[in-house]
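What follows is one structure encoded as structure tokens, with my remarks underneath.
The values are calculated or read from the model by the stated rules, or taken from the named source; none is laboratory data. Everything numeric here is computed off the predicted structure, so don't read it as measured data. Virtual Cβ from ideal backbone geometry, glycine too; neighbours counted across all protein chains shown. Keep in mind that these areas ignore ligands, DNA and RNA; they rest on the heavy atoms of the full protein, side chains included. Shrake-Rupley method; radii C 1.70, N 1.55, O 1.52, S 1.80 Å.
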Amino acid sequence: MAELAGLEDPKAREVNERHGDDHGVNLGKLRALARRLKTQQELARRLWATDDTAAKLLATLICRPKAFERDELDSMLRTARTPKVHDWLVNYVVKKSPHSEELRLAWFADPDPVVASAGWALTTERVTKRPEGLGLAGLLDVIEADMKGAPDRLQWAMNHCLAQIGIDHPEHRTRAVAIGEYLQVLKDYPTSPGCTSPFAPVWISEMVRRQHAGPGV
């Protein structure tokens, strides 16, 4: 904790706080610290228990994902209230857990929209890697009905799922694009030069173009 405090940078904190993350540690330096520490499951648990954002981020990098019990991961997600901690926990820990599918189903319909967004993130991974049994048409039905009025974090996760269905599954692409055009979600989201817009029709079109263009594009 003292070492993390020593890495505190006011400029980094200012940037991070604009994105809802209350810490001032440069992520490159945080990753370097994690590489030095290597895997330490009990230290990861102790860091998570501090409730300090930088410590929680470090915990996701040095933990052993398969060592967590299902209920432990559920509790961790519900205390991961900043965007970066939430994202790293889902992507670096839960996705590698043997409990990921059980948690995906539990979180998908959770009344807490931040928790539900984790369920959608896990669903999006299945859309790409293991779509069998998901019912993509049904997912599109839910997105069409609920995405427009969803809170920000949940809306973002649903939009990612919409785009990924359109990118990875040509048989659903026309409908995915049509839903995006109809709902207009994130159409005006500010996008830096050289980056792809998160507006689903543009996102789908660009990623499909790259697929057809081949490597190096």
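Some observations on this one:
- Search result, residues across the stretch 70-84 that are open to solvent by less than 10 Å² (accessible area, probe 1.4 Å) and modelled with pLDDT of 95 or more: 73, 77
- So residue 166, is it open to solvent by less than 10 Å² (accessible area, probe 1.4 Å) and more than 17 Å from residue 108 (Cβ to Cβ): yes
- Here is the figure for the stretch 1-48: residues that are more than 30 Å from residue 190 (Cβ to Cβ) and either open to solvent by 30 Å² or more (accessible area, probe 1.4 Å) or at pLDDT 95 or above (or both) total 22.
- From the list 58, 77, 33, the lone residue that is without any contact (Cβ under 8 Å) to a residue 40 or more places away in the chain and not hydroxyl-bearing (Ser, Thr, Tyr) is 33.
- Neighbours by Cβ (under 8 Å, 6+ apart or cross-chain): first from the stretch 90-102, closer than 14 Å to residue 129 by Cα; second crowded, with 19+ Cβ neighbours inside 10 Å and among the β-branched types (Val, Ile, Thr): 100/94
- Test: residue in the stretch 31-42 that is farther than 20 Å from residue 124 by Cα and in contact with a Ser or Thr (Cβ under 7 Å, 6 or more places away or on another chain): no
- Which listed residue is touching a helix residue (DSSP H, G or I) at 6+ places or on another chain (Cβ under 9 Å) and among the acidic types (Asp, Glu), from 42, 8, 14, 69: 8
- Candidate set from the stretch 107-147 (those that are hydrophobic (A, V, I, L, M, F, W, C) and not in a helix (DSSP H, G or I)); member that is farthest from residue 80 (Cα to Cα): 134
- The stretch 185-207 - residue that is touching a residue at least 24 places away in the same chain (Cβ under 8 Å) and within 14 Å of residue 156 (Cα to Cα) and, of those, most open to solvent (accessible area, probe 1.4 Å): 203
- Here 56, 96 are screened, and the one residue that is modelled with pLDDT of 95 or more and either exposed (fewer than 14 other Cβ atoms within 10 Å of the Cβ) or of a type in the set (Gly, Ala, Ser) (or both) is 96.
- Tally of residues being at pLDDT 95 or above and farther than 25 Å from residue 53 by Cβ across the stretch 107-132: 9
- From the options 118, 67, residue that is out of contact with any Cys (no Cβ under 6 Å at 6 or more places or on another chain) and open to solvent by less than 30 Å² (accessible area, probe 1.4 Å): 118
- Where helices (runs of 4 or more DSSP H) sit wholly within the stretch 22-93, those with at least 2 residues that are closer than 23 Å to residue 119 by Cβ and of a type in the set (Asp, Glu) occupy 70-78.
- Selection of the stretch 169-184 for residues being of a type in the set (Gly, Ala, Ser) and open to solvent by less than 50 Å² (accessible area, probe 1.4 Å) yields 176, 180.
- Scanning the stretch 129-159 for residues that are within 18 Å of the chain's Cα centre (by Cα) and either open to solvent by 70 Å² or more (accessible area, probe 1.4 Å) or in contact (Cβ under 8 Å) with a residue 60 or more places away in the chain (or both), we see that the one that is nearest to residue 187 (Cα to Cα) is 156.
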